[in-house]
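S.K.: This is the structure I want to talk about, given as structure tokens.
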Amino acid sequence: MSRKIRYGMVGGGRGAFIGAVHRIAANMDGQIELVCGAFSSDPQKSKASGEDFFLNPARCYGSFEAMIREEKNLPADQRMDFVSIVTPNHMHFAPAKLALENGFHVLSDKPATFSLAEAKELSQIVTKTGQLYGLTHNYTGYPLVKHARDLVHAGALGKIRKVVVEYPQGWLATKLEESGQKQAAWRTDPARSGAAGCVGDIGTHAENLAEYITGLKIHELAADLTSFVEGRLLDDDANILLRFEGGAKGVLHCSQISVGEENNLNIRVYGEKGGLEWHQKEPNTLLLKWQDKPTEVLRTSNGYLGTAAAANSRTPASHPEGYLEAFANVYRNFANHIRATIAGVQPDPLVLDYPKIEDGVRGMAFIEAVVNSSKHNALWTKVGNA
């Protein structure tokens, strides 16, 4: 198929943060083209945002409903192929549902929905419509995260015993939401964020990373949520004990009041034979640890890495690549899956390596279990769809 994959965006207009990240990621390989959008619930702001992106004014819509309806009526060689959803959490489900039911694939920011019930319903819609659904758990796009997963799955570390995953930030150490800061305002609002604050925003990234690398599902957990900032309605700190299927144990810590921390996502995995360690702040390095020999330092874009890591490396060795490139890997794989679907051919297995609706349901089940556990004094609580 000799054309770009076309997409429309819901949200991400002027004043938004994550929309620009999505657009950069989508554009990085020159394979995907933004053709339309409903960039704001304010029709005028949506039109103005479309002007910023040099789009046809007729395809800058005042609502996602109008976008999906009008795009569906366009000739097949003009209409969008998929919808990118970059809104706050409470606005993920409705546009995803409508897009899928009208024949459009969906790539959504995380978490998938506002609640577990919505996520399960969305999963049924994905199955019923046969459309593709992807979720931007972008940290799975890092080459060395993929290599870590492949090492674990190949048994290099032996049976997994312990997982420690952390995601501390410090940007909400004060009541920033009262300053008019848009990102803080919706993330601390139960009506827009959902049942959890910190856990929904970054805790789900830690949960997804742990399950992605180990291939093990979190079966049960005991959680202690805290809102340290006085008057804040949602958690800004979480400490969680984990029990994985197969007997592995773990600790998950996420926080948005850890003063001085930026986006310090990191993970350590220990098996019977060895361990590994990866830090998002230094994403091009993976440490392999052994009982009887020195620690190995693996680096991105070297020939000793596996196929998945090589396929998702973009620069020569020692040249930095990070957050945006990992994000772009998710977009590229999703777009190439769409391309294979349109062409009616079987996609390369590497193309299928992006988070899907199952990951979205897992994330929402994790949030629900964490909130319920904390409400009952860190009671051990099963993860709903484990």
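S.K.: Here is a list of conditions, (1) buried (at least 17 other Cβ atoms within 10 Å of the Cβ); (2) under 19 Å from the mean Cα position of the chain (by Cα), and Glu262 meets all of them except one; can you say which number that is?
M.R.: Unmet condition: (1).
S.K.: Follow-up question, since we're still on this one. Would you confirm whether any residue within the stretch 27-39 is of a type outside the set (D, E, K, R), part of a loop (DSSP other than H, G, I, E, B) and closer than 15 Å to Ile85 by Cα?
M.R.: yes
S.K.: How many residues does the stretch 122-149 contain that are part of a helix (DSSP H, G or I) and without any contact (Cβ under 8 Å) to a residue 12 or more places away in the chain?
M.R.: Of the residues in that region, 3 qualify.
S.K.: Given Gly203, Gly215, which one is on the phi > 0 side of the Ramachandran plot, in contact (Cβ under 8 Å) with a residue 40 or more places away in the chain and in the same structural domain as Thr295 (by TED's automatic domain parsing)?
M.R.: Being on the phi > 0 side of the Ramachandran plot, in contact (Cβ under 8 Å) with a residue 40 or more places away in the chain and in the same structural domain as Thr295 (by TED's automatic domain parsing) holds for just one of Gly203, Gly215, which is Gly215.
S.K.: Sticking with this one: Within the stretch 195-218, does at least one residue satisfy the condition of being polar (S, T, N, Q) and in a loop (DSSP other than H, G, I, E, B)?
M.R.: Looking through the stretch 195-218, none of the residues is polar (S, T, N, Q) and in a loop (DSSP other than H, G, I, E, B).
S.K.: Those residues that are under 30 Å from Gln280 (Cα atoms) and surrounded by fewer than 24 Cβ atoms within 10 Å (Cβ to Cβ), I need them from the stretch 124-136; list them, please.
M.R.: Once the filter is applied, which keeps residues that are under 30 Å from Gln280 (Cα atoms) and surrounded by fewer than 24 Cβ atoms within 10 Å (Cβ to Cβ), the stretch 124-136 yields only Leu132.
S.K.: Quick check on the stretch 357-384: of everything there that is polar (S, T, N, Q) and in contact (Cβ under 8 Å) with a residue 60 or more places away in the chain, which residue is farthest from Ile240 (Cα to Cα)?
M.R.: Ranking the candidates gives Thr381 first.
Residue by residue, here is whether (1) among the aliphatic types (A, V, I, L, M); (2) in a strand (DSSP E or B); (3) closer than 27 Å to Ser193 by Cβ; (4) at pLDDT below 95 holds:
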| position | (1), (2), (3), (4) |
| --- | --- |
| Leu234 | yes, no, yes, no |
| Ile240 | yes, yes, yes, no |
| Arg243 | no, yes, yes, no |
| Val251 | yes, yes, yes, no |
| Val259 | yes, no, yes, no |
| Glu262 | no, no, yes, no |
| Trp278 | no, yes, no, no |
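S.K.: List, please: which pairs have Cβ atoms under 6 Å, are six or more places apart or on different chains, and start with a residue in the stretch 308-336 that is within 23 Å of Leu352 (Cβ to Cβ) and end with one that is assigned to a loop (DSSP other than H, G, I, E, B) and aromatic (Phe, Trp, Tyr)?
M.R.: Ala326/Tyr142; Val330/Tyr354; Asn333/Tyr354; Phe334/Tyr354
S.K.: Please work out which residue is surrounded by the most Cβ atoms within 10 Å (Cβ to Cβ), limiting yourself to the stretch 137-196 and to residues that are of a type in the set (Val, Ile, Thr) and in contact with a strand residue (DSSP E or B) (Cβ under 6 Å, 6 or more places away or on another chain).
M.R.: Val165
S.K.: Go through the residues of the stretch 76-88 one by one and say whether even a single one is without any contact (Cβ under 8 Å) to a residue 12 or more places away in the chain, under 26 Å from Glu211 (Cβ atoms) and either in the same structural domain as Ser41 (by TED's automatic domain parsing) or of a type outside the set (Gly, Ala, Ser) (or both).
M.R.: no
S.K.: Related question: Take Tyr354 and decide whether it is outside any loop (DSSP other than H, G, I, E, B) and either over 23 Å from the mean Cα position of the chain (by Cα) or touching a residue at least 24 places away in the same chain (Cβ under 8 Å) (or both).
M.R.: So Tyr354 fails the test.
S.K.: Hey, among the residues in the stretch 150-189 that are under 30 Å from Asp353 (Cβ atoms) and part of a loop (DSSP other than H, G, I, E, B), which one's nearest to the chain's Cα centre (by Cα)?
M.R.: So, considering only residues that are under 30 Å from Asp353 (Cβ atoms) and part of a loop (DSSP other than H, G, I, E, B), the one nearest to the chain's Cα centre (by Cα) is Gln169.
S.K.: Let me ask something else about it. For the stretch 273-305, which residues satisfy the criterion of being surrounded by 17 or more Cβ atoms within 10 Å (Cβ to Cβ) and out of contact with any Leu (no Cβ under 9 Å at 6 or more places or on another chain)?
M.R.: Listed by number, the list holds a single entry, Ser301.
Quick grid of which residues meet (1) basic (Lys, Arg); (2) crowded, with 24+ Cβ neighbours inside 10 Å; (3) more than 19 Å from Arg3 (Cα to Cα):
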position: Lys45; (1), (2), (3): yes, no, yes
position: Ser49; (1), (2), (3): no, yes, yes
position: Phe54; (1), (2), (3): no, no, yes
position: Arg69; (1), (2), (3): yes, no, yes
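S.K.: Could you list, ordered by first residue, the pairs with Cβ atoms under 6 Å in which the first is in the stretch 265-284 and within 20 Å of Leu252 (Cβ to Cβ) and the second is at pLDDT below 95, at least 6 apart or interchain?
M.R.: Pro283/Gly322
S.K.: When you go through Leu305, Leu288 one by one, which is the residue that is outside any loop (DSSP other than H, G, I, E, B), in contact (Cβ under 8 Å) with a residue 24 or more places away in the chain, of a type in the set (A, V, I, L, M) and farther than 17 Å from Gly134 by Cβ?
M.R.: Criteria check complete, one pass: Leu288.
S.K.: If you don't mind, there's one more thing I want to ask. Within the stretch 323-353, take every residue that is touching a Leu at 6+ places or on another chain (Cβ under 9 Å) and under 17 Å from Ile24 (Cβ atoms) and give me the one that is surrounded by the fewest Cβ atoms within 10 Å (Cβ to Cβ).
M.R.: Per the stated criteria, the residue is Asn333.
The values are calculated or read from the model by the stated rules, or taken from the named source; none is laboratory data. What you are looking at is a predicted structure, and each value in this text was computed from that prediction instead of being measured. Positions of Cβ are backbone-derived with ideal geometry, glycine not excepted, and every protein chain shown enters the neighbour counts.
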